[in-house]
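A quick write-up on the structure given underneath.
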Amino acid sequence: MIDVAEVSAIIRRVAEREVLPRFGALAAADISEKSPGDLVTVADRAAEDALAERLGALLPGSVVVGEEAVAADPGLLALLDGPDPVWIVDPIDGTKNFVDGSPRFTMLVALARKGELLASWTHAPALDVHATATKGGGARVDGRRVRVRPCGSGLRALDIVTSQPHWWTPEARAQTHALARRRVSLAYFDTSGLEYVELAAGRRSAMILGWEFPWDHAAGILLHAEAGGVSLTADGTPFRLSGGNSLPFVSAPDEATALAVHEAMRTVPERGSRAGSRGGPV
C-alpha cells in the first residue's frame, strides 16, 4: 500500500511551489476558458504536471488521469478501466474561486485500480485543511478520524447541497424543484471538494451531484465512504469511476436516505396537496 503521508507531503510541496504563489497574483493572460464558464489557469496546468511527475515516480507502473490532460486528450479516460494503478488528479477544484481570490479551492488526488478506490487526499492549501482516506482504514480530516452524521427521521431532518442553478439541465431543475417541495433545507455549493469534507465530518448530511467527471468525485467519494456514508446513482447503484452513471447521484449518510432523496426528486405532489401527506418521507 502507498504511504499516505508521503503523498500528502508531495501535494503540500506542489501547493507551496505551484499554487499558492499564484493565488491572488494571476494576470489576465494566466486565465483561459476550456468551454464557456469552465476556467483553467497556469496554476492548474503547472500543479497537474508536477503532481503527475511526482506521483508517477512514487509508484512505478502507475498512470495518471488528470483533468487538464483529459481536456487535451479524452482518450486518457480509458486508463480508468486498465490493469495499472491510476492516480486521479484535479489540480485545483474550484478554479473560479481561485481566480476570484476565494480560499475555497482544493487539490484532489485519488488512487484507484480496476475501478476500485484505494486511497484519497483532499488538500485546501489556503485554508490549511487536509483530509485523507484509505480503503478499510477510515477517513481523517486534519489527522482526526471522522464519521458522517446519522440521519434523523425523514427528509426534513436533512440539510442538502447541490450545484449552482446555472449548471442545471432542465431535468435537474425539475428534480430539484420536486425535492424543494418536500421542504428540505437546500443550499448550493461552490466547490465539491470541500463539501465532501463537510459530509465526511458530519457537518453536512447529503449532497446531490449531476455530473460524473472522476477527478471531481473520486477523492471525496472514498473519504465519505470511509466515514460511513454511501453514494448512489439514480438507478440505485454505486458511482462508477469510468462513467456511464445514471445521474444525478446522491451522497448521504446511509442507503435508505440516498434512496429517499432520489425518490423525492422523482415525485411531484399533486397541486394543492401537502408534501408528505400521503405517507412519503418528510
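The values are calculated or read from the model by the stated rules, or taken from the named source; none is laboratory data. Please read all numbers here as calculations on a predicted model, not as lab measurements. Quick reminder, even Gly has a Cβ in these numbers, built from the backbone with ideal geometry, and neighbours come from all protein chains shown. Side chains are part of the model used for accessible areas, which takes the heavy atoms of the whole protein and leaves out ligands, DNA and RNA. Shrake-Rupley method; radii C 1.70, N 1.55, O 1.52, S 1.80 Å.
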Filter the range 221-243 for residues that are free of Cβ contacts under 8 Å to residues at least 24 places away in the same chain and not in a strand (DSSP E or B); the one that is most open to solvent (accessible area, probe 1.4 Å) is 235
Spot the failing condition for residue 163; the list is (1) in contact with a strand residue (DSSP E or B) (Cβ under 8 Å, 6 or more places away or on another chain); (2) buried (at least 22 other Cβ atoms within 10 Å of the Cβ), and only one is missed. (2)
Checked pairs for the range 190-206, first within 22 Å of residue 109 (Cα to Cα) and free of Cβ contacts under 8 Å to residues at least 24 places away in the same chain, second of a type in the set (A, V, I, L, M, F, W, C) and not in a helix (DSSP H, G or I), C-beta under 6 Å and 6 or more apart or across chains, list as none
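Residue by residue, here is whether (1) under 22 Å from residue 191 (Cβ atoms); (2) at pLDDT 95 or above; (3) under 20 Å from the mean Cα position of the chain (by Cα); (4) open to solvent by 70 Å² or more (accessible area, probe 1.4 Å) holds:
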residue: 3; (1), (2), (3), (4): no, yes, no, yes
residue: 16; (1), (2), (3), (4): yes, yes, no, yes
residue: 57; (1), (2), (3), (4): no, yes, no, yes
residue: 94; (1), (2), (3), (4): yes, yes, yes, no
residue: 101; (1), (2), (3), (4): yes, yes, no, no
residue: 104; (1), (2), (3), (4): yes, yes, yes, yes
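Residue by residue, here is whether (1) closer than 20 Å to residue 2 by Cβ; (2) part of a loop (DSSP other than H, G, I, E, B); (3) touching a strand residue (DSSP E or B) at 6+ places or on another chain (Cβ under 9 Å) holds:
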| position | (1), (2), (3) |
| --- | --- |
| 109 | yes, no, yes |
| 139 | yes, no, yes |
| 152 | no, yes, no |
| 172 | no, no, yes |
| 176 | no, no, yes |
| 182 | no, yes, no |
| 187 | no, no, yes |
| 190 | no, yes, no |
| 197 | no, no, yes |
Cβ-Cβ under 7 Å, sequence separation 6+ or interchain: first residue in the range 59-87 and open to solvent by 60 Å² or more (accessible area, probe 1.4 Å), partner assigned to a helix (DSSP H, G or I) and β-branched (Val, Ile, Thr). Which pairs? 77/70
Sort through 85, 36, 74 and tell me the only one that's farther than 18 Å from residue 108 by Cβ and at pLDDT 95 or above. 74
Restricting to the range 27-41, count the residues that are more than 22 Å from the chain's Cα centre (by Cα) and surrounded by fewer than 16 Cβ atoms within 10 Å (Cβ to Cβ). 5
Inside the range 1-91, counting only strands (runs of 3 or more DSSP E) that do not spill past its ends, which hold 2 or more residues that are over 23 Å from residue 194 (Cα atoms)? 31-35
Would you check if residue 173 is open to solvent by 50 Å² or more (accessible area, probe 1.4 Å) and either over 20 Å from residue 51 (Cβ atoms) or of a type in the set (A, V, I, L, M, F, W, C) (or both)? yes
Given the conditions (1) free of Cβ contacts under 8 Å to residues at least 24 places away in the same chain; (2) crowded, with 17+ Cβ neighbours inside 10 Å, report the number of the one that residue 44 does not fulfil. (1)
Test result for residue 147, modelled with pLDDT of 95 or more and either farther than 22 Å from residue 129 by Cβ or out of contact with any strand residue (DSSP E or B) (no Cβ under 7 Å at 6 or more places or on another chain) (or both): yes
Can you spot a residue in the range 148-157 that is over 17 Å from the mean Cα position of the chain (by Cα), open to solvent by 20 Å² or more (accessible area, probe 1.4 Å) and under 17 Å from residue 222 (Cα atoms)? yes
